[in-house]
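**Student:** Here you go, one structure.
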Amino acid sequence: MSDRSEYGLPTTSVRSARLAITALAMSTAVFVVNTRVHAAGLEMTSVGAQAIGRGGAFVARASDPTAMAHNVAGLAGVRGWQVTASGYVALWQHCFARSGRYDGVDRGIVTEGTIFANSQYANGRTAYPEVCNEGGPGIVPQLLVSRSIGSWLTIGGGLLTPAGVSAQRFADRVQTSNGLAPAPQRYQVVSTGILVVHPTIAAAVQPLPWLRIGAALQPSIARFNGTTIVNAFGTQSPAGDIQTAADAWGFFFAGNVGVQIAPLPWLTIGAHAHINGGPVQLRGRTTATSQFYAADPSRRNVSQFDTEVSLPLPSTIRVGARAASLRPGASASMAERDPMRDELFDVELDVSWENGSVLDAVRTRNSGELEFSPGARFPVTPVAALRRSWRDVFGIRVGGDYNVIRDVLAVRAGFAWEQGAQTGPRVWQRQVVETNPDAGIDTTAYDNINLSLGASVRWRWLTIDAAYQHSFVANNVVDNGRATIVSGLVAVDAAACAMMGPPGPGACSNNRGEYRASLDVFSLGATARF
């Protein structure tokens with residue numbers, strides 16, 4: 001019996017096949033990490049058209065039902081019945097220019113029997129092309145309702161969705177100057193999708209004219225799905241590539257608490273905390289397709305196994321101060337004021353912090369079998385982990401409104417600066433390095449600057465809000481990437497990467513290169529007051 005496969009690769013043993021499944025388990029974590037939709041660890045945009053138009057500076061103001069997301073204490077000032085329907089369209093541009101060149105045949109690259117058999121890309125001189133997100137616009141909606149009871153209590157509820165990027169999709173093959181080639185980012189991510197819904201129940205009280213306190217409970221639902229590619233043999237050979245696709249659901253509790261105080265009639269100070277309770281446990285199925293790039297589709301082998309992912313989610317604290325120019329005759333009590341009616345303009349400054357460092361790694365548990373080749377099924381590796389090395393992050397948001405026509409037309413603008421959870425210096429191998437060696441295109445968490453514009457038009461009981469935001473995202477250059485291919489046959493570690501032969505330099509660092517991105521957000525909302 002030959003010890004070579006039909007692609008010229010060594011035939012795997014039971015042990016090596018079991019180890020290969022570690023790559024599949026870890027790949028599940030890859031696209032679950034990306035479903036953390038907040039682009040900087042902090043949100044890259046905000047919930048609600050009014051907040052987006054102010055650059056997210058809405059903690060001390062929080063003057064419509066979206067207060068349930070920004071500062072639930074502000075709900076106490078939302079009078080009568082109010083219903084807010086809002087949403088935005090996000091255009092996310094995200095590209096990766098991987099450093100280096102495709103490994104050649106001297107590094108174990110085999111194209112025989114694959115769709116790349118007639119390509120010359122594996123000559124050891126073909127540079128990696130830049131790849132970009134090809135996914136369409138993401139739509140993020142919210143629907144909220146509130147009701148004041150007497151002069152001191154307001155209750156509310158509805159459906160909130162996190163602000164950020166909802167999905168990404170990259171090619172699994174690309175054209176190069178030397179022919180068709182596997183996509184250079186395929187070992188990080190091919191596609192991701194997310195649906196997160198926070199059903200929200202909230203209440204806020206104003207026990208004193210200058211004090212508001214609020215809280216919200218969010219029994220939340222998350223669905224994550226995505227596709228990536230791993231390699232069974234430790235090289236970047238397309239003959240050993242396995243496509244994996246996961247679909248997992250999870251339930252978790254989150255909540256908000258907030259406070260607002262008005263030490264002076266024109267000054268409001270607010271604080272808000274969003275708390276995620278413990279790591280989210282996601283359960284679902286992973287579908288693995290071995291020999292994914294086979295020229296003959298009938299040679300592909302498809303199997304499934306159960307996957308459970310433990311995903312830590314950071315919590316956020318925001319503090320803000322707001323100064324307003326009151327119109328003559330405006331009430332001194334913030335409980336009796338409406339910003340569009342009783343103020344000429346306002347300016348707010350918010351500072352935020354998020355404990356992103358809780359996302360040090362994502363861990364998976366797996367059960368079931370994988371069909372590595374026809375008739376050969378092997379148990380999956382039960383436990384795997386993927387390093388992410390996020391950091392705690394800070395942000396600053398400044399924004400304000402100017403009421404051009406009292407109770408009819410308001411315009412607004414905002415600015416925000418936020419750190420990226422996956423960027424910045426790290427301690428690696430007992431030295432401080434300038435970039436996170438575990439950064440990747442699967443995560444949208446970069447340093448960014450946001451500029452926003454918005455307006456509100458009110459007619460009797462209806463207020464229409466519109467906003468636009470552009471995010472300038474700092475390029476992230478990873479020189480010390482350590483995201484290696486996990487293999488069943490060869491250990492892809494520092495010792496193996498020092499060898500002259502396989503696995504080859506590409507397999508030793510598939511996240512090294514330059515990452516660039518930008519975001520455009522168009523938001524529209526309507527609030528009805530009864």
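**Student:** Between residue 221 and residue 143, what is the spin-label point distance in nm, taking each point 7 Å from the Cα along the Cα→C-beta axis?
**Tutor:** Here the answer is 1.2 nm between the modelled labels.
**Student:** Among 340, 68, 499, rank each residue by its count of other Cβ atoms within 10 Å, from fewest to most, as a rough exposure measure.
**Tutor:** 499, 340, 68
**Student:** Let me ask you something else. In what sequence do 446, 102 fall when counting other Cβ within 10 Å, fewest first?
**Tutor:** 102, 446
**Student:** Quick one: 3J(HN,Hα) in Hz for the stretch 130-136, Karplus 6.51/-1.76/1.60 with θ = phi - 60°, rounded, Gly and Pro as x.
**Tutor:** Residue by residue, the stretch 130-136 yields 6, 10, 9, 4, 10, x, x Hz.
**Student:** Moving on to the next point. From the phi of every residue in the stretch 190-197, what ³J(HN,Hα) in whole Hz does the Karplus formula 6.51 cos²θ - 1.76 cosθ + 1.60 yield, where θ is phi - 60° and glycine or proline is x?
**Tutor:** Using θ = phi - 60°, the values come out as 10, 8, 9, x, 8, 9, 10, 10 Hz.
**Student:** Enumerate the calculated ³J(HN,Hα) couplings along the stretch 102-112 in order (Karplus 6.51 cos²θ - 1.76 cosθ + 1.60, θ = phi - 60°), each rounded to whole Hz, writing x wherever the residue is Gly or Pro.
**Tutor:** Running phi through 6.51 cos²θ - 1.76 cosθ + 1.60 with θ = phi - 60° gives 4, 5, x, 5, 6, 10, x, 7, 10, 10, 4 Hz.
**Student:** Which length gain, in nm to one decimal place, applies between residue 118 and residue 134 when the Cα-Cα distance is subtracted from 0.36 nm times their residue separation?
**Tutor:** 3.1 nm
**Student:** Assuming 0.36 nm per residue, please report the length gained on full extension of the stretch residue 296 to residue 417 beyond their Cα-Cα distance.
**Tutor:** 38.5 nm is the gain from fully extending residue 296 to residue 417.
**Student:** Ok, one more. Taking the Cα centre as origin and putting +1 on Lys and Arg beta-carbons and -1 on Asp and Glu beta-carbons, what dipole magnitude results for the stretch 14-529, to the nearest 20 debye?
**Tutor:** Details: 42 positive and 37 negative charges, 100 e Å.
With Lys and Arg at +1 and Asp and Glu at -1, about 480 debye.
**Student:** If you don't mind, another one. If amide hydrogens are placed 1.01 Å from N in the peptide plane, which non-local residues have theirs closer than 5 Å to the one on residue 280?
**Tutor:** 311, 313
**Student:** What is the chain's relative contact order, in percent, from Cα pairs under 8 angstrom and six or more apart in sequence?
**Tutor:** So the answer I get is 22 percent.
**Student:** Now for a different question. Describe numerically, in nm with one decimal, the distance between label points set 7 Å from Cα along Cα→Cβ at residue 475 and at residue 327.
**Tutor:** With each label placed 7 Å out from Cα toward Cβ, I get 5.0 nm.
**Student:** In whole Å, how far is the Cα centre of the stretch 417-441 from that of the stretch 152-178?
**Tutor:** That distance is 23 Å.
**Student:** Now for a different question. For residue 404 and residue 317, what does the FRET efficiency come to when R0 = 25 Å and r is the distance between their Cβ atoms, rounded to the nearest 0.05?
**Tutor:** Efficiency at R0 = 25 Å is approximately 0.15.
**Student:** I'd like the orientation of helix 14-34 relative to the chain: the angle between its Cα long axis and the longest Cα principal axis, in ° from 0 to 90, rounded to 10.
**Tutor:** Once rounded, one gets 20 degrees.
**Student:** Please arrange 272, 198, 70, 94 by counting, for each residue, the other beta carbons lying within 10 Å of its beta carbon, fewest first.
**Tutor:** Ascending number of Cβ neighbours within 10 Å: 94, 198, 272, 70.
**Student:** Mind giving me the nanometre distance, one decimal, between the label points for residue 369 and residue 304, set 7 Å out from Cα along Cα→Cβ?
**Tutor:** Spacing of the two 7 Å Cα→Cβ label points: 1.6 nm.
**Student:** Computed FRET efficiency, Cβ-Cβ of residue 461 and residue 344, R0 22 Å: what is it to the nearest 0.05?
**Tutor:** Step by step, r from the Cβ atoms, then E = 0.45.
No lab work stands behind these numbers, since they all come straight from the coordinates. As the structure is a computational prediction, the values presented were derived from the model and not from experiment. Glycine gets a Cβ as well: all are built from the backbone with ideal geometry, and neighbour counts include every protein chain shown.
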